[in-house]
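The values are calculated or read from the model by the stated rules, or taken from the named source; none is laboratory data. All values reported here derive from a predicted model rather than from experimental measurement. Heads up, the Cβs are rebuilt from the backbone with ideal geometry, glycines too, and the neighbour counts pull from every protein chain shown.
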Amino acid sequence: MTSRAQNTSYIALPDKRANAKINRETISAASVAVLCVAMLLGSRFISPSLGSWSQVETVLTLGSFLVVLSFGQGLVILSGGLDLSLPALITLGGVLSTAWVGAGNTDAVFLLPLVLVGCGLVGSLTAVGVVWLKVPPFIMSMATSIMVASATLGMTNGTTRGAAPELLTDLMKSQIAGIPASILLLLAFVLFGWVLQARSVFGRHVYAVGTNVQAARIAGINVTLIQFLPYVISAVCAGFVGMMLVGYSNGATLRMGDNYLLPSIAAVVIGGSSILGGRGTFLGTVGGAILLTTLGTVISAIGLNFGLRTIIEGSIILVALLVLRDEFFERLRGFRKP
Amino acid sequence: MLNKTMKMTLAAVSLLAAATMLAQPAGAQDKKFKIYLSLSYSGNAWQSETANIVKALAATPPYKDMVDLKEVISGTDPQAQISAYESMVDDGADGIISFPISSTALNRTIKRGCDQGVLFFMYDATVTEKCAYNVSYLTTGFGENTAQALVNILGGKGNIFLSRGVPGNSVDKHHTDGAMSVFNKYPGIKVVAEYYSFWDDRTTQQETAKALAAHPDVNGIWSQAGEYGAIQALLDRGDRLVPVTGENSNGFRLALSNPAMQAKGLKGVSSGSPPATSGYAFKLMMEVLTKKRDLKPMNIEYPLPWVLAENIKVCEGDRFENGCNAFPESKVPSSFVTEVLDPVMLPELSMKSAIDGTAVDGATIQPLPKEVKEAANAPGINCEKCDAPTDAYKPYKIEPIVAN
């Protein structure tokens, strides 16, 4: 009797309590989704035209930029860093694909990936600074951002020439079997991002490094590489967002990325990730991004003045964040089992 | 030994002589006018066009050999522009041509500069300091005139959007007050959504898309700069376009004059802020500096561009010739602001000068028309403690229809 217990003592017994079966990150992703739907349906009270399929289409199209961007930001945050260079890279991707590739360019299929490679190189510059020179990510990515933004300003003399390559307008504007291509693109990207972050070896390694660098190193993970790659991926994503924006609005401006930095971080955090790294899911981030976009759409329909609208928007984000925190669920758990 | 010392001395003397000779032309350069171009920020087509045409004019003979032009970009913070002005004054500037970020915050510094004999020429945006020259279209009633045009097109009734500029900005407020003074006269006109688009095409497109989700039945859009984004948002949604009034982007003008777009319901007028004011201000400043014109500091009005769909004509060359006022899509981006050229005031320039800041080959500076039009008072915008004229906000470009 005693010997049997000793033999199996190294096997952890499964936690059979009901609330432990559900991953806390799944809960926060699900709650974000529920909030989105509730907000969409609730918005009918503001205007009867809201809550329709066409509004969902608007939200998904406008939200797709933020989803792609916060995937990269999310990976960087997960690995324990932060990327402030995203707006500059959005602009770089946008400006290169209009001014350098441009409309009517038959080689766009080959040139556009080259633009992404260029963005990736900029990302690796940030990564070199963070990983090898040990510059804090905040400062390093800000420095890259300033350099890239100034280079694009100098390069274009302030006027961004050219129009969107047809490939990009097709990507954002055409329809496939009655469904906007931009939404299919969003779905494909979410699937890709989910596999990369949650199901690939690389993704697991990022979690490990973000949780504890020392432990990850001892476990035999190439920590340098795993800290390096998220910045590259993030930069490529930002460049791609630049292209999507170019396709959406048929042109680039030097300030096209300005409005996306804080939302990209907010989406990650609202989606349940830890700003300190090591925890969070991409699906949560997707929810966060869609939630922010939905909120923006609904808020702009309220006929209040701009100041009040912004206050309401800020408050809702704060409430969402407080409610979706782990502690909130822990407390619920505590109430259920006194 | 002595020989060596002599050689050294000789060498030193000759070096000194060479240095003096080199310094000679530098001394002559002191006679060049030291002009500073002070921008708040660069990064949109409008801002860079204003700067580029000033650079192009400064590189056009005879100014090419008379002007030493330096550009300073100080960002959207008034404090930064104040310290930029301070340095320019201390550096002995003859003139400062500037887009001021605030109508009041810079006043003290400007006064200090004026007292030291520096000429201040503000373009587009204005300051309330009396010793500065303001060159602007702001008092020409962009808001009320475009609003009246929209009301007339809609027959005095319908749901409309207001696509505004930057929150808290005095120019945005002035335009919107003007527009609302007209809309409020027509009970049939209902503003169903009002949003800030930061004078940017992309933001306008996204904000308009959001507003359209709530109000798909909109009948017209009154827009400040960024208007082409509003049209794109309408196009994204489907085939129906509505009347749009806006500013002077090339994309907007091409759309207004496009029969296919007109068939979908697009009507409107292209008006608003002309980047050409910077060139006009620079030429005025140079005429004052070279004593060719005697002009006391004052508020100078630049005429309001006003182009209806039927008057839009695409240029064949790079200039506004034979009444043309837009460029083909292949030549300039949609955000290019067409009213940077002016065949009367700025015949020296071409579309290329506006894009890359280079002078046109063979061009020489032409004198400006003698008459300078004084602008009306706009309290808080171009004067302090002053009264607006009683007929402020009265549309004059178009005959108002009767409200019902």
Screening A:147, A:140, A:155 for residues that are in contact with a helix residue (DSSP H, G or I) (Cβ under 7 Å, 6 or more places away or on another chain) and either at pLDDT 90 or above or within 14 Å of another protein chain (Cβ to nearest Cβ) (or both) leaves only A:140
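Per-residue answers, yes or no, for (1) within 20 Å of residue B:220 (Cα to Cα); (2) over 23 Å from the mean Cα position of the chain (by Cα):
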position: B:87; (1), (2): no, yes
position: B:94; (1), (2): no, no
position: B:99; (1), (2): no, no
position: B:118; (1), (2): no, no
position: B:136; (1), (2): no, no
position: B:150; (1), (2): yes, yes
position: B:153; (1), (2): yes, yes
position: B:161; (1), (2): yes, yes
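Every residue, every condition in (1) β-branched (Val, Ile, Thr); (2) free of Cβ contacts under 8 Å to residues at least 12 places away in the same chain, yes or no:
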| residue | (1), (2) |
| --- | --- |
| A:178 | no, yes |
| A:183 | yes, no |
| A:186 | no, no |
| A:193 | no, no |
| A:203 | no, yes |
| A:208 | no, no |
| A:213 | yes, no |
Show me the helices (runs of 4 or more DSSP H) entirely contained within segment A:172-266 in which 2 or more residues are buried (at least 18 other Cβ atoms within 10 Å of the Cβ) and among the small types (Gly, Ala, Ser). A:181-194, A:201-211, A:223-249
Which residues, taken from segment A:132-149, are crowded, with 21+ Cβ neighbours inside 10 Å and over 16 Å from residue A:91 (Cβ atoms)? A:137, A:140
Looking only at segment B:180-222, how many residues end up being farther than 26 Å from residue B:47 by Cβ, within 11 Å of chain A (Cβ to nearest Cβ) and not in a helix (DSSP H, G or I)? 8
Within segment A:105-128, how many residues turn out to be more than 14 Å from residue A:234 (Cβ to Cβ), in a helix (DSSP H, G or I) and not aliphatic (A, V, I, L, M)? 3
Quick one: what pairs do we get from segment B:250-269, first residue of a type in the set (Phe, Trp, Tyr), second assigned to a helix (DSSP H, G or I), C-beta under 6 Å, 6+ apart or different chains? B:252/B:227; B:252/B:228
Residues of segment B:102-155 being of a type outside the set (A, V, I, L, M, F, W, C), part of a helix (DSSP H, G or I) and closer than 15 Å to residue B:247 by Cα, in sequence order, are B:140, B:143, B:144, B:145, B:146, B:148
All but one of (1) more than 9 Å from chain A (Cβ to nearest Cβ); (2) more than 16 Å from residue A:58 (Cβ to Cβ); (3) in contact with a strand residue (DSSP E or B) (Cβ under 9 Å, 6 or more places away or on another chain); (4) outside any helix (DSSP H, G or I) hold for residue B:241; which doesn't? (3)
Per the filter on segment A:270-280, residues buried (at least 22 other Cβ atoms within 10 Å of the Cβ) and of a type in the set (A, V, I, L, M, F, W, C) are A:270
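With respect to residue B:225, is the statement that it is under 24 Å from residue B:333 (Cα atoms), within 14 Å of chain A (Cβ to nearest Cβ), in a loop (DSSP other than H, G, I, E, B) and of a type in the set (Gly, Ala, Ser) true? So that I can check it myself, show each step before the final result.
Values: under 24 Å from residue B:333 (Cα atoms): yes; within 14 Å of chain A (Cβ to nearest Cβ): yes; in a loop (DSSP other than H, G, I, E, B): yes; of a type in the set (Gly, Ala, Ser): yes.
Taking the combined requirement at face value, the residue satisfies it.
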Return the residues of segment A:83-115 that are within 11 Å of another protein chain (Cβ to nearest Cβ), of a type in the set (A, V, I, L, M, F, W, C) and over 14 Å from residue A:155 (Cα atoms); say none if nothing qualifies. A:90, A:103
In the set B:213, B:193, B:179, which member is without any contact (Cβ under 8 Å) to a residue 12 or more places away in the chain, crowded, with 21+ Cβ neighbours inside 10 Å and farther than 21 Å from residue B:299 by Cβ? B:213
Search result, residues across segment A:40-64 that are under 18 Å from residue A:169 (Cα atoms) and either of a type in the set (Val, Ile, Thr) or more than 9 Å from every other protein chain (Cβ to nearest Cβ) (or both): A:58, A:60, A:61, A:63, A:64
Of all residues in segment B:244-267 being over 17 Å from residue B:201 (Cα atoms) and surrounded by 18 or more Cβ atoms within 10 Å (Cβ to Cβ), the one that is nearest to the other protein chains (Cβ to nearest Cβ): B:261
Quick one: in segment B:315-357, which of the residues that are part of a loop (DSSP other than H, G, I, E, B), within 13 Å of chain A (Cβ to nearest Cβ) and surrounded by 20 or more Cβ atoms within 10 Å (Cβ to Cβ) is modelled with the highest pLDDT? B:327
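Collect the residues in segment A:281-308 that are assigned to a helix (DSSP H, G or I), modelled with pLDDT under 80 and surrounded by fewer than 18 Cβ atoms within 10 Å (Cβ to Cβ), keeping them in residue-number order.
Within segment A:281-308, the subset assigned to a helix (DSSP H, G or I) is A:282-301, A:306-308.
From the residues that got through so far, the ones that are modelled with pLDDT under 80 too are A:300-301, A:306.
Once the filter is applied, which keeps residues that are assigned to a helix (DSSP H, G or I), modelled with pLDDT under 80 and surrounded by fewer than 18 Cβ atoms within 10 Å (Cβ to Cβ), segment A:281-308 yields only A:306.
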Top-ranked residue in segment A:150-161 [being polar (S, T, N, Q) and part of a helix (DSSP H, G or I); ranked as nearest to residue A:92 (Cα to Cα)]: A:152
In segment B:83-108, which residues are of a type in the set (S, T, N, Q) and crowded, with 21+ Cβ neighbours inside 10 Å? B:98, B:103
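Quick one: how many residues across segment A:158-173 are at pLDDT 85 or above and within 12 Å of another protein chain (Cβ to nearest Cβ)?
As a first pass, look at segment A:158-173 and keep what is at pLDDT 85 or above: A:164-173.
Applying the additional criterion that residues be within 12 Å of another protein chain (Cβ to nearest Cβ) yields A:164, A:169, A:172-173.
The qualifying residues number 4.
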